[in-house]
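Here the structure comes first, spelled out in structure tokens, and everything after it is commentary.
The values are calculated or read from the model by the stated rules, or taken from the named source; none is laboratory data. The model shown is predicted, which means the values in this text are computed figures rather than measured ones. Every residue, glycine among them, receives a Cβ derived from its backbone with ideal geometry; neighbour counts consider all protein chains shown.
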């Protein structure tokens, strides 16, 4: 496959790890006060665990897993809204597979499907559009979620529905936007971060210049990174190099995919269909100003929020669930009391255990579970 | 959902709706290419390697940039070998 194997070459990985070790020595770090590098994007969290990258690095460097897993930050009340729409007679509710098992306050979409609601997993919003064409007497709703990576695909789908005059298609818009989210992270007093791996595919859409404020105002290095093992290692090396040389800049390791100005056609479709919400509620992080988008008035007839009655309630996470603190990077997934016991990928309590991009699911799937349990017992003792 | 997969555009299937057939590791699928056409005639996209997300080609993979990133990595590897050799000879 084009530029996949090349970025998995073990020999190059070995030299990057050696270079990272050298820089770490230069920085004279202590393992009790490690450098904290946040990978903002859930895709990176997944890559870090899948390839065991955290274990390749010296203990003086720690990843803080950011909030960039759209499924994981979905509050319970929103899942309840999905279930309410899906259980409306005549509706075909379509969603990406990732969202099926996210727990709502009463049930997940998977449970609603078992109870008889017509819920279908789709690969693309275009598949939902096709369902609407094929079922003119049914209302087909697509559950749109994700950051700017998936936002353009949803926008183009709405534009296509509008061009065809399809009256039985609508979007339940839960898209979120990265810049206000990063600003909220940077403003959070609890977080001590030394640098960022920037989201590669969000940047493919929005470009890399939009991060300039992170270097200028907050004096933090950020390297936009790809998702293969060499991409992640090289980006960590670039962040360390900046720190060692006293620089804070926005660098782009993923130039093969992410151009500095982003994707003009994608941004213009997004601008045409969506506008910023005043605020959006996040699981674990609370409300963040301007961090979500909704559909513009011009596309009201495709807006599920306007078409359907929904509970729209704010529902607290279960008490035992510590997804919020994990999302903020305050605790590691294995430090949560229910990790791997009451909360597993088969029976998730919290959203971080659901998506393969969630930090807890990644730890569970690829981590050394025995070792983590020992560590937890040692911490408790 | 957010990771995407590389594929190659092999045909234009519906020019009006900006749909193309993309070959992803031997699997062919119809994909929307509105984001990567730019100012070109749509047929000019055939042969492009693109990154596909949820049924949309979102970026043309820039071969020159990929080669440049790999070149830096090769150089870094050579530099590391040299440093290792210097250290070894310093100890000798």
Restricting to region A:64-90, name every residue that is farther than 28 Å from residue A:304 by Cα and crowded, with 24+ Cβ neighbours inside 10 Å.
A:65, A:66
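Among A:274, A:302, which is buried (at least 18 other Cβ atoms within 10 Å of the Cβ), touching a residue at least 40 places away in the same chain (Cβ under 8 Å) and over 24 Å from residue A:42 (Cβ atoms)?
A:302
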So, in region A:339-351, exactly how many residues are at pLDDT 85 or above and buried (at least 17 other Cβ atoms within 10 Å of the Cβ)?
5
Can you tell me which residue in region B:33-49 is surrounded by the fewest Cβ atoms within 10 Å (Cβ to Cβ), limited to those that are outside any helix (DSSP H, G or I) and more than 9 Å from chain A (Cβ to nearest Cβ)?
B:39
Just to be sure before I move on: is residue A:77 in contact (Cβ under 8 Å) with a residue 24 or more places away in the chain and within 14 Å of another protein chain (Cβ to nearest Cβ) in the structure I sent?
no
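So, of the residues in region B:53-85 that are part of a strand (DSSP E or B) and more than 7 Å from chain A (Cβ to nearest Cβ), which turns out to be nearest to the chain's Cα centre (by Cα)?
B:60
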Going by what's in this entry, would residue A:236 be described as assigned to a helix (DSSP H, G or I), modelled with pLDDT under 95 and crowded, with 22+ Cβ neighbours inside 10 Å?
no
Which one of A:189, A:260 is more than 19 Å from residue A:43 (Cα to Cα), within 13 Å of chain B (Cβ to nearest Cβ) and in a loop (DSSP other than H, G, I, E, B)?
A:260
Taking region A:13-22 and the residues there that are surrounded by 20 or more Cβ atoms within 10 Å (Cβ to Cβ) and touching a residue at least 12 places away in the same chain (Cβ under 8 Å), the one that is nearest to residue A:222 (Cα to Cα) would be A:20
In region A:192-230, what residues are in a helix (DSSP H, G or I), over 19 Å from residue B:69 (Cα atoms) and out of contact with any strand residue (DSSP E or B) (no Cβ under 8 Å at 6 or more places or on another chain)?
A:206, A:210, A:213, A:216
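Name every residue in region A:11-44 that is away from every other protein chain (no Cβ under 11 Å) and closer than 29 Å to residue A:358 by Cβ, in order of residue number.
A:24, A:29, A:31, A:32, A:33, A:34, A:35, A:36, A:37, A:38, A:39, A:40
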Hey, does region A:135-142 have a residue that's within 14 Å of chain B (Cβ to nearest Cβ) and in contact with a helix residue (DSSP H, G or I) (Cβ under 9 Å, 6 or more places away or on another chain)?
yes
I'd like the full set of residues that are crowded, with 22+ Cβ neighbours inside 10 Å and either touching a strand residue (DSSP E or B) at 6+ places or on another chain (Cβ under 8 Å) or assigned to a strand (DSSP E or B) (or both), limited to region A:36-56.
A:37, A:38, A:39, A:40, A:41, A:42, A:43, A:44, A:45, A:48
Hey, residue A:64 touching a strand residue (DSSP E or B) at 6+ places or on another chain (Cβ under 6 Å) and modelled with pLDDT of 95 or more or not
no
Is there a residue in region A:117-130 that is over 29 Å from residue B:58 (Cβ atoms) and either away from chain B (no Cβ under 14 Å) or outside any loop (DSSP other than H, G, I, E, B) (or both)?
yes
